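Every read-out reported here was derived from the displayed coordinates using simple, explicitly stated rules and does not represent laboratory data. Here the structure is a predicted model, which means the values were calculated and not measured. Ideal geometry is used to build each Cβ from the backbone, glycine not excepted, and the neighbour counts take in all protein chains shown.
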Amino acid sequence: MNFILQPWEWYVAGPIISIVMFLLYYFGERFGVSSNLETFCSIGGAGKFVNYFKIDWKENLWNLLFIAGSIAGGFIASNYLTTTDAVAISPQTVQDLADIGIMNAGQTYLPDEIFSIDTMLTLKGFSILIIAGFLVGFGARWAGGCTSGHAIVGLSNLELPSLIAVIGFFIGGLVMTWFILPLIF
Amino acid sequence: MKYIKFFLVGILFGIVMSKAEIISWYRIYEMFKFQSFHMYGIIGSAILLGMISMFLFKKKMVKTFEGGEIHVAPKKEGLYRNLLGGILFGLGWALAGACPGPMFVLIGKGIVSILVVIFGATLGAFFYGLYKDKLPH
């Protein structure tokens, strides 16, 4: 039981994610989280404006159940399977974040400078959250997949489009982390 | 009832995302700073084992629980869609510190502000659909 309560190492997590992917295919579906965003649009009535969203969203009900389960899993893990909220990131990362104005890095899962309610209620904080989400949603649908569909499934399946997409993920991620984040805080 | 299995797999996914700290903004920052092997180990080992799954699917050594063939749909080709879409996604991933999967897991952790990110992501998907025909693919 103690093993469960400790943070899980990469060699535990990676194989479990692979099992999740396997099970979704075994159950006759696929592994891809960002397509749920399009389902949300369809449920919200976006099909009235854009034909692209005129789909029978009930066909994607299984995927909505998958993300509902992941919400439940997050609840279970954080309430019953975790003893500390600290994240053991490298000391250099903590130092680098302090240098760009993000304090107490690693003491909780998320920085207050982005995710606290107080930050959310400022214009700047709200904008950061919306823009971050917008980029993820727009980019994932343009590329036709996110970390699950492209990085895990696509690369496992030796797909060239996925390799290009993952290179793109890293170009964007490196530019944000090294050049843009230092300007924001 | 036929959907409950997806809910259960989702629970497993949510727990592993949470327990391995993949939902932590700091882990994503650390990854893009190349200051830890953690995220690379997770993604890398998931892909390596995933290759075995894909091999078994392709050779029809594993079928669905109902006995059907497993066909993994190929990704759409196109340099612009994959590279440019990928870059935008990467910018957002590093800013939000979360890709779509972890966003939902963070709701379960009780993070209210992640709902704004998810709303933004849905808006992003909507605008992609709106301007899809004007974008290079």
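Kirkwood radius, the range B:1-44, all distinct C-alpha pairs, inverse of mean reciprocal distance: 11.7 Å.
Each of B:Met39, B:Met31, A:Met103, B:Met51 was scored by other Cβ atoms within 10 Å of its Cβ. Arranged with the fewest first, they read A:Met103, B:Met51, B:Met39, B:Met31. Per q in 0.08, 0.10, 0.14 Å⁻¹, report the Debye log10 I(q)/I(0) for the protein assembly as shown, using one uniform scatterer on each alpha carbon and no solvent. Computed log10 I(q)/I(0) values: -0.33, -0.52, -1.08. Calculated on the Cα set of chain A, radius of gyration then Dmax: 18.7, 53 Å. With a Förster radius of 41 Å applied to the C-beta separation of B:Phe37 and A:Lys54, the computed FRET efficiency comes to 0.35. Express in % the proportion of alpha carbon pairs of chain B at distances exceeding 20 Å. Value for chain B (Cα pairs over 20 Å): 63 percent. A straight Cα-to-Cα reach below 14 Å connects B:Lys75 with the aspartates and glutamates A:Glu159, residues fewer than 8 places away in its own chain not being considered. Put simply, the Cα atoms of the range B:19-64 extend 40, 18, 12 Å along their principal axes, the longest span coming first.
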